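Data first, discussion second: the structure below is written as structure tokens.
The values are calculated or read from the model by the stated rules, or taken from the named source; none is laboratory data. Bear in mind the structure is a predicted one, so any value in this text is a computation, not a measurement. Using ideal geometry, Cβ is built from the backbone for each residue, glycine included, and neighbour counts are taken over all protein chains shown. Ligands, DNA and RNA are excluded from the accessible area calculation, which covers all protein heavy atoms including side chains. Shrake-Rupley method; radii C 1.70, N 1.55, O 1.52, S 1.80 Å.
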Amino acid sequence: MADFRTHLIVGTAASGIGAGALLSIGLLSAAHAPACFALGAIGALLPDVDLDHSIPARVAFSLVALAGAFALVLALAPRWSLAELALAGAAAWLVLRHGVFGAINRWTVHRGLVHSLPAAAAFALATVLAAQRLYGLPVEAAWLAGGFLGAGFVVHLLLDEIYSVDLLGRRLKRSFGTALSFGDPRNLPGTLALYALAGGLYWLCPPAGGLGQRLLDAGLYRQLGARLLPAHGWFEGLPGLALEGLRRLL
Ligand SMILES: [Zn+2]
């Protein structure tokens, strides 16, 4: 499996490239792009949430829990006083870091249920639901937010699978096939419960509207291809942009 540093770097880069591409063809708005980028990077760390003994993993999950707590604080900020927000934020951090991640740790085997495609779906759908219900994001933006988290998660699983192939010896390591899994064969009741959870979350999520159709539209990919290289000269208007930047600074 890939180490923590590789997951952090590849996940962040993949999420940034994805957000940049969708932004350039207008599928993602500038207002929602930073959050989607961050969710993609977080998604790329989530599958190893049950790997608690390494220091980077512990730091990462404290950070993910902190990000979750602040997400709640920001959602409640218009309504509550700063004191109430501080208490709610601290409580949310405790519940996430020690409650949710702690329970996942105690009840799962690494490379068990959490390290699987149905878990990716469940985390992504929970994100869609939170983005729409808690933040009042438009339906398409909420689905994109969940999509970024889920895609980051899948990037992690793929990366672990790639690392299980010994590239020099062309041998398959024993871990091959365990990263990109559809569940845990040793834990059938848990696997079924995970599928039921994902199904329930999907049922609660708002219909994705025209987003699926737009993603399948061939025109979108022609547009992406057209945006790949400059239409006129390279770095058109760069001197003007640099001058404008300087003028604002001075
Ligand atoms: Zn992993």
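No other residue among ALA86, ALA75 is at pLDDT 90 or above, surrounded by fewer than 19 Cβ atoms within 10 Å (Cβ to Cβ) and either within 16 Å of the ligand (Cβ to nearest atom) or assigned to a helix (DSSP H, G or I) (or both) apart from ALA86.
In the stretch 175-227, which helices (runs of 4 or more DSSP H) lie fully inside it and hold 2 or more residues that are out of contact with any helix residue (DSSP H, G or I) (no Cβ under 7 Å at 6 or more places or on another chain) and closer than 13 Å to LEU27 by Cβ?
Working: elements: 188-204, 211-216, 218-226.
Because the criterion is at least 2 residues that are out of contact with any helix residue (DSSP H, G or I) (no Cβ under 7 Å at 6 or more places or on another chain) and closer than 13 Å to LEU27 by Cβ, the helices (runs of 4 or more DSSP H) in the stretch 175-227 that meet it are 211-216, 218-226.
Yes or no, residue by residue, for (1) crowded, with 18+ Cβ neighbours inside 10 Å; (2) modelled with pLDDT of 90 or more:
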residue	(1), (2)
VAL100	no, no
ALA121	yes, yes
LEU134	no, no
ALA151	yes, yes
LEU158	no, yes
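Taking the criterion of being within 16 Å of the ligand (Cβ to nearest atom) and not polar (S, T, N, Q), the residues of the stretch 1-39 that qualify are MET1, ALA2, ASP3, PHE4, ARG5, HIS7, LEU8, ILE9, VAL10, GLY11, ALA14. Annotation note: Cβ proximity below 9 Å between a residue of the stretch 1-16 that is free of Cβ contacts under 8 Å to residues at least 60 places away in the same chain and a residue that is away from the ligand (no atom under 13 Å from the Cβ) and aromatic (Phe, Trp, Tyr) (sequence gap 6+ or interchain) occurs for THR12/PHE37; GLY16/PHE37. Just to check your reading of the model, which residue among TRP107, TRP80 is at pLDDT 85 or above and either among the small types (Gly, Ala, Ser) or open to solvent by 60 Å² or more (accessible area, probe 1.4 Å) (or both)? Selected residue: TRP80, the only one of TRP107, TRP80 that is at pLDDT 85 or above and either among the small types (Gly, Ala, Ser) or open to solvent by 60 Å² or more (accessible area, probe 1.4 Å) (or both).
Of all residues in the stretch 2-23, those satisfying the criterion of being open to solvent by less than 50 Å² (accessible area, probe 1.4 Å) and touching a Leu at 6+ places or on another chain (Cβ under 8 Å) are ALA2, THR6, HIS7, GLY11, SER15, ALA19, ALA21, LEU22. Among all residues of the stretch 105-119, there is none that is within 16 Å of the ligand (Cβ to nearest atom), within 30 Å of PRO185 (Cβ to Cβ) and among the aromatic types (Phe, Trp, Tyr). Taken over the stretch 200-217, the residue count meeting the criterion of being aliphatic (A, V, I, L, M) and surrounded by fewer than 11 Cβ atoms within 10 Å (Cβ to Cβ) is 1.
Of all residues in the stretch 218-250, which are open to solvent by 100 Å² or more (accessible area, probe 1.4 Å) and more than 33 Å from the chain's Cα centre (by Cα)?
HIS232, GLU236, LEU243, ARG247, ARG248, LEU249, LEU250 - these are the residues of the stretch 218-250 that are open to solvent by 100 Å² or more (accessible area, probe 1.4 Å) and more than 33 Å from the chain's Cα centre (by Cα).
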